Amino acid sequence: MRMTGRGLGQFIRLGIALAMLALALTADVFLSADLPFAIALYVTPIVVGFWLPVSWAIALIGASLLGIVTTGWLIGEPAFVGLRGVMLLQLLLVSALLFAFRRSRDEVERSNLRVTRVLDGANTGFVATDAKLVILDANPPWLEMIGSPMLEEVLGTRLVDWLPEERRAGVEAVLGFLTPGDRRSFETTFAQRSGMQRFVVVTAYAEKVGEGVRLSAVCADVTPIRLAEAKARASELQLRSHLEHTPLAAVVLDTAHRVRGWNRAAERIFSMPRERALGRSAWELVADEDQGQRTSPFSDPRAEAGRDGSRRVEQLAGDGRRVVVQWYHTPLRDPSGVVTEVASLGLDVTGQEEVERALRESEAKFSSVFQQSPDSLLLVRRRDQALLEVNATLERMFGWSIDELKARWNQHLQFWVEPDHYRRFSRLALENERVDAFETELLRKDGSRLAVLCSSSHLVVDNERCHLITIRDLTPIREVEEERFRLLEQLQQAQRLESIGRLAGGVAHDFNNLLAGIQGYTELIELAREAPNDVAHYAGRIMETTQRAADLVGKLLTFSRQGAMQKQPIDVHDVIGDMVDLFRQTLDARIRVVTRLDARHAVLVGDETQVSNALLNLCINARDALPDGGEIEVSTSTIELSALEAPLVDPDLPAGDYLLLQVRDDGCGIPPDALEHIFVPFFTTKPKGQGTGLGLPSVYGAMKAHGGTVAVTSHPGEGSSFRLYLPISSEQVDQPIVPGREAPVTALGDRFHGRVLVVDDEPGIRDTLERNLARMGYTVEVAADGQKAVSALSRDPYAIDLVIMDVTMPGMSGDDAFRAMRELRPDLDVILMSGFDRGSVLRRVLGEGAAGVLKKPFTRDDLLTELSRIAAVAEVAS
């Protein structure tokens, strides 16, 4: 058992008492001294009685009494026993008083022990010091507070030594002035050796002990409380910081709806400083029209139930603006559970409201445009190709109702004329964000076909990726294109006629010369009837003159020919030669035309009429730019344009080999401000009445149609240079007009047999053909128009062996009459005559089985050759 300091002191004091008692007895017996004995008898019981436990004191007194009696008996002196007995009785009386005092002291100690145990059990520290704050005693909880496990380590140290440096003077000042009976409470911290500090609430009181003062202090450790409070304060500060810097308006309202809290975001959103907002009624911030619908967050059933409330309100800002705020309310309750305040967070959704409104308007517009679009529109979900929506136009266009279309959508191949087109379009739509102008044919409900353009674009609808498919009916577009093409043809024809009109003077002069020659030779034949040689000479000259007239008319027809572009191999050098020969006849003698034909490859694929007309227009413009005479140069060359060079000539011009046809003059030139407009239709720099503004636009259009372009360089006073770029290629071309049946032409002589029907509205042609055919041995019948020819054939279709018929006649035209005749007799041979180049008509009729073509004017040899060819074909067939 561990001996405490207090128990060790009691044993020491007991030994001292026994030694003093033995000393007193020895002195009294052997020295007969009463004084030492008296001291031993009085002092020893007092010392023993005060400091020793009661059981030990009784044993000591009993031992003393036994010692007195034994001593008296041994020495044989009764007086010794009597005297000592009286003194012993006095000792017993004094001891009784001391025992009573001792019992009272023991009760106090037991009470102190119970208090100490209570303090220890409550983890409350206790420390006792003297007046100089030197530690006299301390309990374990206090030792734990200062971080010292041993009492011996703190005994004798000063209480303030265990305080932080900065707190020592203050605590010493408080405790140093305490007087007995004073009590003082304060909070301080103890510094542990580990460096930690403990927060302690100290209750100190002073009491008088002997001549001195003793201080006792009860210490309650409030460190967990203070740490929790510090954490709460930090959290509160952090929350306040968050609320102060959050983009949401943070507002606190009391039960009277007065503003008690207002952060920076609220200042910004409502344009109202904190000082102005605090204490105001929240209703002042609600828009007038919403006043009747205002709802208190305190009456919100969600707030009453302790749940967050949320609502959107239009409110008035301090500067008069209207803001829409989405409020989130949270009730704040007191300890009894009553809602005393509402904390509200407000999100400014004014911009979002505007976006949502714009989105609603956009959706409404989209729906309106979707339904009213002249094109058929389908909205198809991309992930499963489900049909989501179609517009009413589709029903009108295809005859399917919307419900029928949706019901049949899974079998959408039935809507496509070409299933491969559907597969191609679907693949393109999946692989590309946009598909434009996919041309195909779709089936209507009645089975008819409809030419359409299909397009597809991606868009997102309700967070689903979709295809918006547009189907456009090509019928109106093609009608417009046909009308545009017709008007363009009329425009080009008008331009051609304008060019011919500008050549009319020279042509009329040449034609009159030819007619004069024919007329003169005819008169000479009349005078030389009796001179056969002269008649033959004059007749030959008439034939030559007639051929020259035919050539002149052929060139005019070439320039004025109508119809679609006919691509065939043409020799540009031949075109230039024919055009220049014709053009020279219209020029002033002061204007000189020079040709320089250096192109290595002069044959290309194109339309001879368009190239000739373009060249003629440029030459006429060059002539008009030389009122005082000058030089016009027409030249050709072959050039190769690289991928870098071609865009410098024209951005749309591809790289490749080109024939460069250039018309240059040294005339007045073109003003710079007019140069950029010269290819615009109807723009002209010529005086009123002298130009339509169609010439150069037709040149530009002809070059673009050939895959080329036209470029111009001009300087006022120096002249102009127009350069035509014509591509050289091996493109597939239209076949020239040739008879539908080919066979070697064999001369069979001048004698033929059979019956021929001649059909022409011109009497001279009917008469000459009738006479020539009769000379060849044919039986000839004539008709003045197609209707009469069909009537003559209908009487006996197999009585006629051959028909020679003009194409252009009043009433029933030659091509219509041809078809009617073939219905009467499918194997009938028909030769068509034309004095005007109607290529498309002739090709169509030849394709339907016509035997051949004679171009007016034709000679007897031409007629004979064609008849021989047809006879040879018939012989081969038989």
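State whether one or more residues within the stretch 194-210 are in contact with a Gly (Cβ under 7 Å, 6 or more places away or on another chain) and modelled with pLDDT under 85.
Yes; the residues of the stretch 194-210 include at least one that is in contact with a Gly (Cβ under 7 Å, 6 or more places away or on another chain) and modelled with pLDDT under 85.
Taking the stretch 120-130 only, how many residues are surrounded by 15 or more Cβ atoms within 10 Å (Cβ to Cβ) and modelled with pLDDT under 85?
2
So, in the stretch 404-433, how many residues would count as being loosely packed, with under 11 Cβ neighbours inside 10 Å and in contact with a His (Cβ under 9 Å, 6 or more places away or on another chain)?
1
Only one of (1) touching a strand residue (DSSP E or B) at 6+ places or on another chain (Cβ under 9 Å); (2) of a type in the set (S, T, N, Q); (3) not in a strand (DSSP E or B) fails for Ser194. Which number is that?
Here Ser194 meets the rest and fails (1).
Where residues in the stretch 294-312 are surrounded by 14 or more Cβ atoms within 10 Å (Cβ to Cβ) and closer than 17 Å to Val259 by Cα, which of them is modelled with the lowest pLDDT?
Phe298
How many residues does the stretch 365-401 contain that are assigned to a helix (DSSP H, G or I) and farther than 22 Å from Phe425 by Cα? Reasoning before the result, please.
Step one: filter the stretch 365-401 for residues assigned to a helix (DSSP H, G or I), giving 365-372, 392-398.
So of that shortlist, the ones also farther than 22 Å from Phe425 by Cα come out as 365-369, 371-372, 392, 396.
Result for the stretch 365-401: 9.
Between a first residue in the stretch 169-180 that is in contact (Cβ under 8 Å) with a residue 40 or more places away in the chain and a second residue that is polar (S, T, N, Q), which pairs have beta carbons less than 9 Å apart while being 6 or more apart in sequence or on different chains?
Every condition considered, the pairs that remain are Leu175/Thr129.
Under the condition of being among the small types (Gly, Ala, Ser) and exposed (fewer than 14 other Cβ atoms within 10 Å of the Cβ), which residue from the stretch 184-225 is farthest from Arg158 (Cα to Cα)?
Within the stretch 184-225, the match that is farthest from Arg158 (Cα to Cα) is Gly210.
Please go through (1) at pLDDT 85 or above; (2) farther than 20 Å from Asp130 by Cβ; (3) surrounded by fewer than 12 Cβ atoms within 10 Å (Cβ to Cβ) for Ala169 and return the number of the only condition it doesn't satisfy.
Exception for Ala169: condition (2).
Applying the selection to the stretch 137-156, what residues are surrounded by 15 or more Cβ atoms within 10 Å (Cβ to Cβ) and not acidic (Asp, Glu)? Reasoning before the result, please.
Taking the stretch 137-156 as the starting set, the residues that turn out to be surrounded by 15 or more Cβ atoms within 10 Å (Cβ to Cβ) are 137-148, 151, 154.
Selection gives Ala138, Asn139, Pro140, Pro141, Trp142, Leu143, Met145, Ile146, Gly147, Ser148, Leu151, Val154.
Quick one: in the stretch 847-863, of everything that is over 15 Å from Met833 (Cβ atoms) and modelled with pLDDT of 80 or more, which residue is nearest to the chain's Cα centre (by Cα)?
Here is the first cut: in the stretch 847-863, the residues over 15 Å from Met833 (Cβ atoms) are 847-849, 861.
Next, only the ones that are modelled with pLDDT of 80 or more stay: 848-849, 861.
On the way: Glu848: 59, Gly849: 62, Asp861: 77 Å.
Here the answer is Glu848.
Every residue in the stretch 392-421 that is charged (D, E, K, R) and either farther than 17 Å from Leu450 by Cβ or at pLDDT 80 or above (or both), please. Walk me through how you get there before you give the answer.
Of the residues in the stretch 392-421, the ones charged (D, E, K, R) are 395-396, 403-404, 406, 408, 418, 420.
If the condition is that a residue be charged (D, E, K, R) and either farther than 17 Å from Leu450 by Cβ or at pLDDT 80 or above (or both), then Glu395, Arg396, Asp403, Glu404, Lys406, Glu418, Asp420 are the ones that fit.
Checking Glu187 against (1) touching a helix residue (DSSP H, G or I) at 6+ places or on another chain (Cβ under 7 Å); (2) charged (D, E, K, R); (3) touching a residue at least 24 places away in the same chain (Cβ under 8 Å), which single condition isn't satisfied?
(1)
Can you name every residue in the stretch 388-403 that is buried (at least 18 other Cβ atoms within 10 Å of the Cβ) and touching a strand residue (DSSP E or B) at 6+ places or on another chain (Cβ under 6 Å)?
Val390, Asn391, Thr393, Leu394, Met397
Name every residue in the stretch 350-386 that is among the hydrophobic types (A, V, I, L, M, F, W, C), more than 15 Å from Leu442 (Cβ to Cβ) and over 20 Å from the mean Cα position of the chain (by Cα), in order of residue number.
Ala364, Val369, Phe370, Ala386, listed by residue number.
I'd like the full set of residues that are closer than 15 Å to Ser635 by Cα and more than 47 Å from the chain's Cα centre (by Cα), limited to the stretch 702-726. Walk me through how you get there before you give the answer.
Step one: filter the stretch 702-726 for residues closer than 15 Å to Ser635 by Cα, giving 710-712, 720-726.
Listed by number, the residues that qualify are Ser720, Ser721, Phe722.
Could you tell me whether the stretch 817-834 includes any residue that is closer than 18 Å to Asp760 by Cα, at pLDDT below 85 and aromatic (Phe, Trp, Tyr)?
No, because not a single residue in the stretch 817-834 is closer than 18 Å to Asp760 by Cα, at pLDDT below 85 and aromatic (Phe, Trp, Tyr).
Examine the stretch 209-224 for a residue that is part of a loop (DSSP other than H, G, I, E, B) and of a type in the set (D, E, K, R), and state whether such a residue exists.
Checking the stretch 209-224: at least one residue is part of a loop (DSSP other than H, G, I, E, B) and of a type in the set (D, E, K, R).
Could you list, in sequence order, the residues of the stretch 340-354 that are part of a strand (DSSP E or B) and not hydrophobic (A, V, I, L, M, F, W, C)? Walk me through it before giving the result.
Filtering the stretch 340-354 for residues part of a strand (DSSP E or B) gives 340-348.
Within the stretch 340-354, Thr340, Glu341, Ser344, Gly346, Asp348 qualify.
Going through the stretch 632-643 one residue at a time, which ones are modelled with pLDDT of 90 or more and assigned to a loop (DSSP other than H, G, I, E, B)?
Across the stretch 632-643, the qualifying residue is only Ser642.
Quick check on my filter: what residues within the stretch 789-809 are surrounded by fewer than 16 Cβ atoms within 10 Å (Cβ to Cβ) and out of contact with any helix residue (DSSP H, G or I) (no Cβ under 9 Å at 6 or more places or on another chain)?
Ser791, Arg795, Asp796, Tyr798
The values are calculated or read from the model by the stated rules, or taken from the named source; none is laboratory data. Keep in mind that this is a model prediction, so the values were computed, not measured. Methodologically, a virtual Cβ is constructed for each residue, glycine included, from the backbone with ideal geometry; neighbour enumeration extends over all protein chains shown.
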